[in-house]
Amino acid sequence: MRAKAIKKRYITLWMVLLLALLGWWMQRQEGQGPIQPQAQQTPVSDYSLADFVITAMDDQGVPKHRLRGQSMVHYADTDYAELVQPQLEVYAEQSEPPVTLDAPLARVYQGGESVLLEGDVLMLRPGTARQSAMQVQTRDLWLFTEREYAETGAEVTIRDGLGVTTAKGMTIDMQTGVVNLLASVRGEYVLD
């Protein structure tokens, strides 16, 4: 009987000690206050432009790209910019007219190396002696300026001198003018 009484005392002592430790820990937590969510840092812009034109030149001083827009806000901490009503002209060859890309919005990353044209994107390639005029309509087009390459995973409609082609997804090599359609390609062509 005595062994049971001693065992009960030890269990009671351990329970009291455990409750005291739990109370001490909870009191420390209360002293720290409730856990507060970290405040979102609002990005701070270092400059902005309105009704602007920016021209990028190659090593010989010949225009490679010309960017126009209604407004642009640049954020230094991330080297990121937001553009409203951007129009980009890409010069493949100086003797030929540029390919133009229009969109309602754009996000520019990595100092202009990659650009996301957001919303409805319209790309126009004027006709030349080498190739017919082409109009491309799509959404959310990524443009990689240094590689002169563009891609989208959205629906694409292409109109040219041969007819109308639709597809899901597209890549474009801006230097060569080669367009790759990725899936669900359909076309209506007019043959003479």
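The values are calculated or read from the model by the stated rules, or taken from the named source; none is laboratory data. Treat the numbers as computed from the prediction; the structure is a model and nothing was measured. So basically every Cβ, Gly included, is an ideal-geometry build from the backbone, and we count neighbours across all protein chains shown.
A compact table of results
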| read-out | value |
| --- | --- |
| Leu88 vs. criteria under 18 Å from Asp173 (Cβ atoms), within 15 Å of the chain's Cα centre (by Cα) and in contact (Cβ under 8 Å) with a residue 40 or more places away in the chain | no |
| Qualifying positions in segment 63-88 - of a type in the set (A, V, I, L, M, F, W, C) and at pLDDT 85 or above | Leu67, Met72, Val73, Ala81, Leu83, Val84, Leu88 |
| Residues located in segment 58-84, provided they are within 29 Å of Thr176 (Cβ to Cβ) and surrounded by fewer than 18 Cβ atoms within 10 Å (Cβ to Cβ) | Asp58, Asp59, Gln60, Gly61, Val62, Pro63, Arg66, Arg68 |
| Residue check for Ala92: more than 19 Å from Ala56 (Cα to Cα), buried (at least 18 other Cβ atoms within 10 Å of the Cβ) and in the same structural domain as Thr157 (by TED's automatic domain parsing) | no |
| Neighbours by Cβ (under 7 Å, 6+ apart or cross-chain): first from segment 59-72, in the same structural domain as Leu88 (by TED's automatic domain parsing) and within 18 Å of Arg147 (Cα to Cα); second surrounded by 10 or more Cβ atoms within 10 Å (Cβ to Cβ) and acidic (Asp, Glu) | Lys64/Asp58; His65/Glu89; Arg66/Glu89 |
| Number of positions in segment 98-119 that are more than 11 Å from the chain's Cα centre (by Cα) and hydroxyl-bearing (Ser, Thr, Tyr) | 1 |
| Residue match in segment 55-71 (condition: under 14 Å from the mean Cα position of the chain (by Cα), farther than 22 Å from Val156 by Cα and not in a helix (DSSP H, G or I)) | no |
| Matching residues in segment 170-190 - criterion: being touching a Gly at 6+ places or on another chain (Cβ under 6 Å) and either of a type in the set (Phe, Trp, Tyr) or surrounded by 14 or more Cβ atoms within 10 Å (Cβ to Cβ) (or both) | Leu182, Tyr189 |
| Filter result (of a type in the set (A, V, I, L, M, F, W, C) and in contact with a Ser or Thr (Cβ under 7 Å, 6 or more places away or on another chain)) within segment 165-180 | Ala167, Met170 |
